[in-house]
Every structure is written in structure tokens, then in C-alpha cells.
Amino acid sequence: MQAGGQGMAAWIVCGVLGVGVSSCAPTVKLNTPEPIKVDINVRVDVFEKERPRTASADSKVRNISNAEIAAIQRHRNNEGQIWAMKNDGAAVEGENGYLETRPRSGWDPVYVAKLVAEENQDRGVFYAVEARDSKRPLSVIEQEAGRRLREEAYAGGKKAPAAK
């Protein structure tokens, strides 16, 4: 017999043995004459959360303006696209805390400019609030944000390319 014929014979023997063994297996019945009864005990504990305290004159609680709410919502909605643009180099972090556009293939320059303008408008709102609350100049807040955002822009401590 040739080598190919020996392999075929082995498959035939395995097939016959497999059929023979499976026909000898015992039959197991899974149905029961009566339904299975289960006794379950459940304990539910209900706790009331502590109620928020009213804002006192010295507390850090303040009302958020409609402009801030809109900026937060827009920032969250655009966050994924902003990160994609930054990763692709279509937008870079400037030293002043605002995004700057860079022409990149695969990105519509009008769309990139629109999204960057929205993001920068939102950052302007955030920076103005921070400057007001911390009683520091807006330019200082922008410079600190620019430094922090550039350091965080790329993984591994790699700095973002300088905006020119």
C-alpha cells in the first residue's frame, strides 16, 4: 500500500470504531416526573444616601453658567475626534493652551478647523473660569494648561511637536 492509502485506512478504522462506541453508550433521561422545587431566601437592604448639604458662604460650590454647560457638553461630544486629530497630527497642542491645525492627508481641513475652533472656544471658557476662581491672570492659566497638555499629548513622555 502507498503512504496515502495507509492514511485512508486509518480514517476508516477510526470512523467504524467511533460509530461502534457511540452506539454502546447508555441512555440518560433528563426529564423528571415532577418539577424541581427550589427554596430561595433573599435579603434586601435599602440605604438612603446622605443628602447634599446646602452651600454656605465659605464653601466651594457655585452655580455653573449656561456657557460652561454648553462647553462641557461640546467638549465631551468632540473628545474622540479631537484625540484622533491629535494622534494623526492634524491638530497639535500649542504652548498657549489651545489647539492649532496642521494640514494632514485624510482629514478635511474645513472640518478640522471647525472642530479646533470649537475646542479652543470651550477651553477659553474653562480657562476664564479657572482664572476667575483662582484670582490669577488668564495668561498664566493658559500657559500652565499649554505646558500640561503638551506633556500629556503623547504617550511615553514624548513631547508634542512645537507649534510654530
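The values are calculated or read from the model by the stated rules, or taken from the named source; none is laboratory data. Small disclaimer: the values here were computed from a predicted structure and weren't measured. Neighbour counts are summed over all protein chains in view; Cβ atoms, including those assigned to glycine, are modelled from backbone coordinates with ideal geometry.
Which of the numbered conditions does Arg123 fail, given that it passes all the others? Conditions: (1) within 16 Å of Ile82 (Cβ to Cβ); (2) in contact with a Gly (Cβ under 6 Å, 6 or more places away or on another chain).
All conditions pass for Arg123, except number (2).
Kindly indicate whether any position in region 1-16 is of a type in the set (A, V, I, L, M, F, W, C), part of a loop (DSSP other than H, G, I, E, B), exposed (fewer than 12 other Cβ atoms within 10 Å of the Cβ) and at pLDDT below 70.
Taking every residue of region 1-16 in turn, at least one turns out to be of a type in the set (A, V, I, L, M, F, W, C), part of a loop (DSSP other than H, G, I, E, B), exposed (fewer than 12 other Cβ atoms within 10 Å of the Cβ) and at pLDDT below 70.
Does at least one position in region 46-58 carry a residue that is surrounded by 11 or more Cβ atoms within 10 Å (Cβ to Cβ) and of a type outside the set (D, E, K, R)?
Yes: one or more hits.
Give me the pairs, please: first residue somewhere in region 117-128 and under 17 Å from Val140 (Cα atoms), second residue anywhere and not in a helix (DSSP H, G or I), beta-carbon distance under 7 Å, and either six or more positions apart or on two chains.
Asn120/Tyr98; Asn120/Leu99; Arg123/Gly97; Arg123/Tyr98; Tyr127/Gly97
Select from region 91-115 the residues that are assigned to a loop (DSSP other than H, G, I, E, B) and of a type in the set (Ser, Thr, Tyr) and write down the one among them that is surrounded by the fewest Cβ atoms within 10 Å (Cβ to Cβ).
Only one residue fits best here, namely Ser105.
Given (1) within 21 Å of the chain's Cα centre (by Cα); (2) at pLDDT below 90; (3) not basic (Lys, Arg), where does Ala162 come up short, assuming only one miss?
Status for Ala162: all satisfied but (1).
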